Structure formats: structure tokens, C-alpha cells
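Please read the structure below before turning to the comments.
Since every read-out is calculated from the coordinates, none of them should be taken as a lab result. Remember, predicted model here, so these are calculated numbers, not experimental data. Positions of Cβ are backbone-derived with ideal geometry, glycine not excepted, and every protein chain shown enters the neighbour counts.
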Amino acid sequence: MVETAKLIQGNQAIAEGAIYAGARFFAGYPITPSSEVAEECSRRMPRVGGVYMQMEDEIASMGAIVGASLAGVKSFTATSGPGFSLMQENLGFAVMAEVPCVVVNVQRSGPSTGLATKPAQSDIMQVRWGRHGDQIVIALSPSSVKECFDLTVQAFNLSEKFRVPVILAADEIVAHMRENFTPPAPGELQVIDRKKPTVPPEQYKPFEPESDGIAPLAAYGSEYVFHVTSSMHGPEGVSNNNPANATWKVSQLHKKLELYRDEIVLTKTFDVEDMDILLVAFGAVTRAARAAAVEARKTGIKAGVLQLVTVWPFPDRELAQLAGRVKTVVVPEMNYSGQVAGEVRRVLGPDPDIKQVNKFNGQIITPQDILKAII
Amino acid sequence: MSHATGLKYLKKDSLPLMWCSGCGNGIVLAALLRAFEELGYGNHNTVVVTGIGCWGKADDYITTNALHTTHGRALAFATGIKAVNPKLNVVVLMGDGDGVTIGGNHFIHAARRNIDLTAIVVNNCNYGMTGGQFSATTPADSFTSTTAYGNPERELDICALAGVAGANYVARGTVYHGRALQNHIKEALNKKGFSLVEVVSPCPTHFGRNNKMKSAVNMLRWLKEKGVTREEYERMTGPEKNGYFVIGKLADRNAPDFNTRYEEIRARALGQ
């Protein structure tokens, strides 16, 4: 069957992208503005042999997807601000126990209950640092309905390949926006499945990395019997309080992503070849930044855009390389404190003129808002 | 048939057990492993899921698959496992603080959903691992490290909660009544749908010491005297019942479990 273009919402595209990537378990708790992901999964999962579970809260949702993933099924959840806060402890579990899964956080305006139905980009630091303990995470941020689909597939791929939870840091604008979208045919996008062990069952150690830095993951119910804990553990998966072991384990959690940094960090650039001003944007605001760059060029100001498709690990090298060509860098983002602007300063140092465009009233940043900072 | 020892499910290289002398956890562990043996459970198709607390360390001593989770959330993790692989035997080991205090919400909803898990809640009436603070099952007026003048709160009846929430099987045992406990665990493992065995168990290190039952023997005597059948309990009137609790099977039903219901939903979805 040839798929034709459909007018669909970002949240629907996330659900469809997950199913395309092979997800067959969704556990979640309703919350605006992410609920359509759950609704779509409730309709689609039983038709594709999957399971939709509406849990009692987001704590349970996060726990359930970790359990399902360890039973060998690609799993995900979707939430927003308050729910994302509740998920942090068990998200940390997934980091420590190296359990592949995807967490969609459709960012909304805070703090706390805030403007529950309005967009924001104010969870960027929570995505990075929201859990206790030292760790790194992968987070991707879509700017369109198509990217909602594509980056969900990508999130699963990275998650499966590196045995990590991946966060899709969407925002209310892309989640509720409707655009024409043609779903890719099966096989059109790459779909990666986690590496399974090949050693005899009695030799399997669930946390022992192979030469590529990644440990294969068996499934409960397979011929491999294994023990998983989020307490400090050695390669065999049982508790180990030895300081040398802790050094190894925490380093391993970092190194396995540092090793593949270039594969994980994704960016897009627009009109950067001859630019004098660089706009650094992510998520829905990328659209305003691109429109602003086009408008600026009409007045003779050569503006270009760097879109941070991956927000964590932060695209520091890509940014530094482009910023070397300009005197001014502008960072528009829907938060007060300049969560990404702070990272841009950290990477670029004091030399370039870094301007912030911040809006935190639940309204979208417009191209005009950005143009005011340029012109 | 020779007597089941359960030894083949015991990780001997993890011994000795980390629990205090006089703790009841070893007796519950033995009853569980014997029940595994009597039912012919395999290591491959069994997952033991634990939370955090003294009893939550039990997975360290069991040869099956295991998942040691966060405090209070074991049932949520177990729910995900069972939902995607109904063939697995999923056994959830929690204490009173873990399973029904911080984890109370998950406990209610696992029972309501009637997901085919077996929860074994060891109730030692306090948080043993953190030093004997009061939990939701600490009896009123009892002394703990955070109720120096007596507990102002009332205790929760775990079995009654599981029963009204919809569990298919509910039983309460004690570590004094070892053989009956093993039978309850076996029945619970065999039951499709959510099943709960509450095991009243001594914590001589904290709860006993704080409540004039310093020795493990005193605590076992307490279990022997205060754990009574439903008939015995119902013969008592008013204040006579104080301090006594019912042991035995308290609920036994066959409502369809979550996975069975979800299969029906799948068939409906595909029929549309």
C-alpha cells in the first residue's frame, strides 16, 4: 500500500514513529499537552500486537516501560512538565541499569503547574540534570511534524544501540501543530534493534561491554538468566560496593556515549555559508529563527541558523566551528534564564556578542521578536 | 515425593544472608524457594522483582532472573514485564514500607488491574533497613525510632486493602506458621490474577527491641499467640480483639486477569 500524505499532529507523528521503530509497549498517564501520544497508542498498540497501559501515575509509567524493555519489548512513555518531574527517579534507574527506552517530554510552561496548556522550552536543564547522581543523557528536539516522526525513530535507534534512555524534548507547539506528512515505507528509515548476547548462557554478564563499548542485553524469558539492579554493580549485575568497581561503572556509563558522540550529535544548518550573524535554535523556535533569517537577508543582514537537533550531548564542536565565522550569535528560546544560551556562552567564551531572545509567557517566539535582536 | 528443600534456587555463593539474627526473612525465603521447587519453576521463565528494604534484598539469594528496583515501585516494573510476556512467572517481594507505604498507590492499582503477579509482602511493622522508623503497618501506640512517645497513626490492614482493590487471592501468614505460609505462597503463585501473601514477621533488632520483645523467641511467641484463624477472631468481642490478627486465606476468586482482558481488547480492535 502506498502511503499518501496525511494532515497529522506532532503527537500523532511521535506515536506513529515509535510504532515504526518497533515500539510495542506504551505506559503513560494523561497530561496536557502530551495526551494525544497516549490516545494514539491506545488505539494503535492493540492492532499491532502491542500493549497500551494507562498507569496510576508517571512514576509507575516509567517503571513499567523499564520492566517491559527488560522483557525484550521496545517501550516508551510520553508526558509533560509535572509528569516528567515524577519520572526522574526511575529514569535514573534506566540510566544506571542501562535499559533502552524512550521518554517523550512535551515541554509546557512552568514552574510547577504553570501555564498547563502553553508551550515552553524550559526543561532543557532538567532533561540534562534532573536526576540525582552523575550521568549523561541523550535528548533530541523536533521542530516539525516530520521531525516528530523521524526523531522518535532516531531516539529508539540511539536508545537500542547504546542501551540508554533517550529523551525526546518536544514542545507544545510541535506536539499540537498539524502538517502534511507522508509516513515512510517500511525499510525506508533505518531501525536498530538492541544487541543480543551470543555467548553461552552460563557465560553471559549483562553489564560487561564488548569491544565496541556496549554490553549486549538479553530478555527475561530467553535462555539467558540475568540479574539487574540500579545499585552499584559489576559486569555480572550483582551489587558491588568496591570503589574500583564504582569508578569503572560510572566511567562506563559516560564513556559509552562519549565514544559515539559524533553519531549522537545531530544538527542542521541553514544559510550559514556567508553569514554574519548566527541564530542558534531548537524545537519549534527553529521555525521562527529560519523565518527571521530570511527576513533579515531582505534587509541586507546575512543571518544563518544552526538547529540543535540533538540538545544533549550539547553540540559544542558544531557550534564553535560555525561561531568562528561571525561576531554575533543570537539564541532565541522559550525560557527566562537562557538555558541553551548559557551552554552557548560556555562553549564560545567571552569573545562573540551573544544575544538572548527569551519569552516565557506561554507565547511563541515570533520571527519579529528575533529580528528586533538582529536589526 | 521427596521433601522440597528449595536449595537449587538458593545462590549459595551469596551466603551468608545479610539479615539480622532473629529476622524472619530467611524463613520466608525458604518457603518461597520450596514453593518454586514444588511448582517446578525454571530460572528462565521466572522473574523475581524486588523493591528497597530488608526483604527487598532477597533477589541477591535467588537463582532466577531478577530485577532490583527503586523504593516502592517494584509492582510498576513487574507490571511492565508481565504485560509484554504473560508466560513469565513474576514474583514481587516487598516489605511493608516499600510495598504499601511509599508504594501504596501501585499496590492498589496492581490489585485492581488484577495483573497476574504474586506479591509477597513481609510485614515487620517498621522500616528495618533505615533504623526502625514507623511505617503504615506499625500498630497505633507502638514505639519506633520516630514514634518515641507512641505511634499516633493507625495501622493499615494490607490484606483488606488488597481484597477490596480486587486481588484474586489474599492470604496472611506468619513466619511462625511456616508450613501454612509455604502453602499460601504456592496457592498464590498458582493463582492467575493478582495475588497477595502478607507475612507477619519479626524484626527483633528494631520493632521488637522498641516494644518489649527484645528476643526473637519473644517475637515468635507473639506471632504464635496473636495470629488466629478467622473463626477464632470472630468469636472474640470488642476489646478482646486488640492485638490479634487473622491468619489464613482471606480471598480466593477467579476474575479475569489483565492479560486475558487485554487479549479480548486486541481481538475487538482487530475486528474493527
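Considering the range A:301-326 alone, what residues qualify as being closer than 28 Å to A:His254 by Cα and not in a helix (DSSP H, G or I)? Let's see the steps before the verdict.
So in the range A:301-326, the residues closer than 28 Å to A:His254 by Cα come out as A:306-323.
Passing the criteria: A:Leu306, A:Gln307, A:Leu308, A:Val309, A:Thr310, A:Val311, A:Trp312, A:Pro313, A:Phe314, A:Pro315.
Please give the number of the condition A:Gly237 fails out of (1) part of a helix (DSSP H, G or I); (2) within 14 Å of chain B (Cβ to nearest Cβ).
(1)
Would you check if B:Asn43 is free of Cβ contacts under 8 Å to residues at least 24 places away in the same chain, closer than 26 Å to B:Ala110 by Cα and either within 14 Å of chain A (Cβ to nearest Cβ) or crowded, with 24+ Cβ neighbours inside 10 Å (or both)?
Answer is no for this residue.
For the range B:11-32, what are the residues that are more than 14 Å from chain A (Cβ to nearest Cβ) and either among the hydroxyl-bearing types (Ser, Thr, Tyr) or not in a loop (DSSP other than H, G, I, E, B) (or both)?
B:Ser21, B:Asn25, B:Gly26, B:Ile27, B:Val28, B:Leu29, B:Ala30, B:Ala31, B:Leu32
Which residue pairs have Cβ atoms closer than 7 Å, lie 6 or more positions apart in sequence or on different chains, and pair a first residue in the range A:207-231 that is more than 8 Å from chain B (Cβ to nearest Cβ) and closer than 15 Å to A:Gln252 by Cα with a second residue that is among the aromatic types (Phe, Trp, Tyr) and in a loop (DSSP other than H, G, I, E, B)?
From the range A:207-231, the pairs are A:Ala215/A:Phe207.
Of all residues in the range B:50-76, count the ones that are over 21 Å from B:Cys23 (Cβ atoms), facing chain A (nearest Cβ under 7 Å) and not in a loop (DSSP other than H, G, I, E, B).
Counting residues in the range B:50-76 that are over 21 Å from B:Cys23 (Cβ atoms), facing chain A (nearest Cβ under 7 Å) and not in a loop (DSSP other than H, G, I, E, B) gives 3.
Any residue in the range B:181-209 that's within 9 Å of B:Ala171 (Cα to Cα): show its pairings with residues that are in a helix (DSSP H, G or I) and of a type outside the set (A, V, I, L, M, F, W, C) at Cβ separation under 7 Å, as long as the two are six or more apart or on different chains.
B:Val197/B:His184
Would you pick out the residues in the range B:77-100 that are of a type in the set (S, T, N, Q) and either more than 8 Å from every other protein chain (Cβ to nearest Cβ) or touching a helix residue (DSSP H, G or I) at 6+ places or on another chain (Cβ under 7 Å) (or both)? Before the answer, list the steps.
Just the residues of the range B:77-100 that are of a type in the set (S, T, N, Q), to begin with: B:79, B:85, B:89.
If the condition is that a residue be of a type in the set (S, T, N, Q) and either more than 8 Å from every other protein chain (Cβ to nearest Cβ) or touching a helix residue (DSSP H, G or I) at 6+ places or on another chain (Cβ under 7 Å) (or both), then B:Thr79, B:Asn89 are the ones that fit.
Can you go through A:Val347, A:Val340, A:Val329 and tell me which one is closer than 18 Å to A:Val272 by Cβ and out of contact with any strand residue (DSSP E or B) (no Cβ under 6 Å at 6 or more places or on another chain)? Give the steps one after another, and end with the answer.
Numbers: A:Val340 fails: out of contact with any strand residue (DSSP E or B) (no Cβ under 6 Å at 6 or more places or on another chain); A:Val329 fails: out of contact with any strand residue (DSSP E or B) (no Cβ under 6 Å at 6 or more places or on another chain).
Being closer than 18 Å to A:Val272 by Cβ and out of contact with any strand residue (DSSP E or B) (no Cβ under 6 Å at 6 or more places or on another chain) holds for just one of A:Val347, A:Val340, A:Val329, which is A:Val347.
Of all residues in the range A:327-358, count the ones that are crowded, with 20+ Cβ neighbours inside 10 Å and not in a helix (DSSP H, G or I).
So the answer is 9.
For the range A:232-257, which residues satisfy the criterion of being small (Gly, Ala, Ser) and touching a residue at least 24 places away in the same chain (Cβ under 8 Å)? Can you show your working first?
If we filter the range A:232-257 for residues that are small (Gly, Ala, Ser), which is where we start, we get A:234, A:237, A:239, A:244, A:246, A:251.
Those that are small (Gly, Ala, Ser) and touching a residue at least 24 places away in the same chain (Cβ under 8 Å): A:Gly234, A:Gly237.
Might you check whether a residue that is outside any helix (DSSP H, G or I) and free of Cβ contacts under 8 Å to residues at least 40 places away in the same chain occurs anywhere in the range B:78-86?
Our first condition is that a residue be outside any helix (DSSP H, G or I); within the range B:78-86, this holds for B:85-86.
Next cut, free of Cβ contacts under 8 Å to residues at least 40 places away in the same chain only: B:85.
Checking the range B:78-86: at least one residue is outside any helix (DSSP H, G or I) and free of Cβ contacts under 8 Å to residues at least 40 places away in the same chain.
How about the range B:185-207: which of its residues are under 19 Å from B:His106 (Cα atoms) and part of a helix (DSSP H, G or I)?
Answer for the range B:185-207, where residues must be under 19 Å from B:His106 (Cα atoms) and part of a helix (DSSP H, G or I): just B:Ala188.
How about the range B:127-172: which of its residues are assigned to a strand (DSSP E or B) and either over 17 Å from the mean Cα position of the chain (by Cα) or free of Cβ contacts under 8 Å to residues at least 60 places away in the same chain (or both)?
Within the range B:127-172, B:Gln133, B:Thr144, B:Thr147 meet the criteria.
Select, from B:Arg209, B:Arg230, B:Arg266, the only residue that is within 14 Å of chain A (Cβ to nearest Cβ) and among the basic types (Lys, Arg). Before the answer, list the steps.
Numbers: B:Arg209 fails: within 14 Å of chain A (Cβ to nearest Cβ); B:Arg230 fails: within 14 Å of chain A (Cβ to nearest Cβ).
Exactly one residue qualifies, and that residue is B:Arg266.
Could you list, in sequence order, the residues of the range A:76-97 that are free of Cβ contacts under 8 Å to residues at least 60 places away in the same chain and within 7 Å of chain B (Cβ to nearest Cβ)?
Across the range A:76-97, the qualifying residues are A:Glu89, A:Asn90.
Taking the range A:221-234 on its own, how many of its residues are surrounded by fewer than 17 Cβ atoms within 10 Å (Cβ to Cβ) and in contact with a Pro (Cβ under 8 Å, 6 or more places away or on another chain)?
So the count comes out to 1.
Restricting the range B:219-272 to residues that are β-branched (Val, Ile, Thr) and either under 22 Å from the mean Cα position of the chain (by Cα) or surrounded by 14 or more Cβ atoms within 10 Å (Cβ to Cβ) (or both), which is nearest to A:Arg44 (Cα to Cα)? Give the derivation first.
At the first step, the residues of the range B:219-272 found to be β-branched (Val, Ile, Thr) are B:228-229, B:237, B:246-247, B:260, B:265.
Narrowing the set further to residues that are either under 22 Å from the mean Cα position of the chain (by Cα) or surrounded by 14 or more Cβ atoms within 10 Å (Cβ to Cβ) (or both) leaves B:228-229, B:246-247, B:260, B:265.
Numbers: B:Val228: 51, B:Thr229: 49, B:Val246: 46, B:Ile247: 45, B:Thr260: 18, B:Ile265: 12 Å.
Among residues in the range B:219-272 that are β-branched (Val, Ile, Thr) and either under 22 Å from the mean Cα position of the chain (by Cα) or surrounded by 14 or more Cβ atoms within 10 Å (Cβ to Cβ) (or both), the one nearest to A:Arg44 (Cα to Cα) is B:Ile265.
One line per residue, one yes/no per condition, for (1) farther than 28 Å from A:Gln12 by Cβ; (2) surrounded by fewer than 21 Cβ atoms within 10 Å (Cβ to Cβ); (3) within 24 Å of the chain's Cα centre (by Cα):
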{"residue": "A:Asp171", "(1), (2), (3)": "no, no, yes"}
{"residue": "A:Pro183", "(1), (2), (3)": "no, yes, yes"}
{"residue": "A:Glu188", "(1), (2), (3)": "no, yes, yes"}
{"residue": "A:Thr198", "(1), (2), (3)": "yes, yes, no"}
{"residue": "A:Pro201", "(1), (2), (3)": "yes, yes, no"}
{"residue": "A:Phe207", "(1), (2), (3)": "yes, no, yes"}
{"residue": "A:Thr247", "(1), (2), (3)": "yes, yes, no"}
{"residue": "A:Val250", "(1), (2), (3)": "yes, yes, yes"}
